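A short write-up of the structure that comes next.
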Amino acid sequence: MKFPKLSKRVLLGSVAVVGVAALATAAIAAGDLPFVGKSLKDKMQAHFPNTPITSVDCDGTPAGLCEVVAGKNIFYTTRNGRFAVVGSVLDLNEKVDLTDQRMRQLAAMGAAEGRIQGVGPGAAGAAPAAAPSPDRAAPGPAIRVTLPKANAIVHNPGAPLKMTVFTDMNCSFCRRLHDDLRGVTDIEITEYPIAFLGADSHEKAKLALCANDRSAAVDAIYRGGEVRTSGDCAAAEAALQANIAFAQQNNIQGTPMIIRADGMTNSGWMEKSELRAFLQASN
């Protein structure tokens, strides 16, 4: 089964700033007046009711788009709120991934806020340590995952380190985590796809769960390629609905949500060395 065609209303993947600028100009020329400030934020929240919209910024963003921050994820919208771009915006002249730069900036700001609030490594009053504590690096409530592994894509089954992760396949940080872990063989990754970010997140998650080779399907979805399914995806649809319900019941509002063997959680992407230390701390 070939991967479905892209929605006319939502653009996916890496997007060059020149093409995005044309999209933004065309959308405004179509007769829709721009939304500004709180109005555009409210409109995005209405389109994505299960995704808390943190902020919307239309000033100083690439190609005349508005940046929408949804927890630890970023996507873009035209100023009139009609079109959304989910994926990375690339500056082809400078050879820079602007979305990746912005995500790193948000992650650094979040870490700094944690230190100011007395949470995380380096917080005022924290006891000195030779290395950052994985528990402090990933403060979050424990989650006991009761979903069956049949609802997941399992990478490296039987590997000594155990990691569960909830992902949305339109999440740039999820793709980055996936790319970081390519070739890693000592971590068993139980990946539960959910859908709340992009308009076609549901279809992507269902395809991955319905695929003959689920790990290969995830690669194909992130990188572009063919996904072969069993034909009848009713069981995959049921599994996905159960995953989404579990995420809602456990207040999982951002992806990737990383859960180690003892249930400790980290909401967001982690560097590979930090991730490995976090997982090893459960042993």
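Label sites at Asp97 and Thr229, each approximated as a point 7 angstrom past Cα along Cα to Cβ, lie 2.8 nm apart.
Please label the shape of the range 136-257 as rounded, prolate or oblate, based on the square roots a ≥ b ≥ c of the eigenvalues of the alpha-carbon gyration tensor (a/c under 1.5 means rounded; beyond that, a/b larger than b/c means prolate, else oblate). If you can, show how the numbers build up before the last one.
On the way: a/c = 1.42, a/b = 1.17, b/c = 1.21.
Rounded is the answer for the range 136-257, as its axis ratio a/c remains below 1.5.
Whole Å is fine, so just give me how far the alpha carbon centre of the range 140-155 lies from that of the range 185-199. So the separation of the two Cα centres works out to 10 Å. Across the range 203-220, rounded Karplus estimates of 3J(HN,Hα) from the backbone phi angles (6.51 cos²θ - 1.76 cosθ + 1.60, θ = phi - 60°) give 5, 5, 5, 5, 4, 4, 6, 8, 6, 5, 10, 5, 5, 5, 5, 4, 4, 5 Hz, Gly and Pro being marked x.
Rank the residues Ser215, Ser55, Ser267 as a footprinting-exposure proxy: fewest other Cβ atoms within 10 Å of their Cβ go first.
The fewest-first ordering by Cβ neighbours comes to Ser55, Ser215, Ser267.
Where a number appears in this text, it was derived from the coordinates with a stated rule and is not lab data. What you see is a predicted model; the values in this text were computed from it and never measured. Positions of Cβ are backbone-derived with ideal geometry, glycine not excepted, and every protein chain shown enters the neighbour counts.
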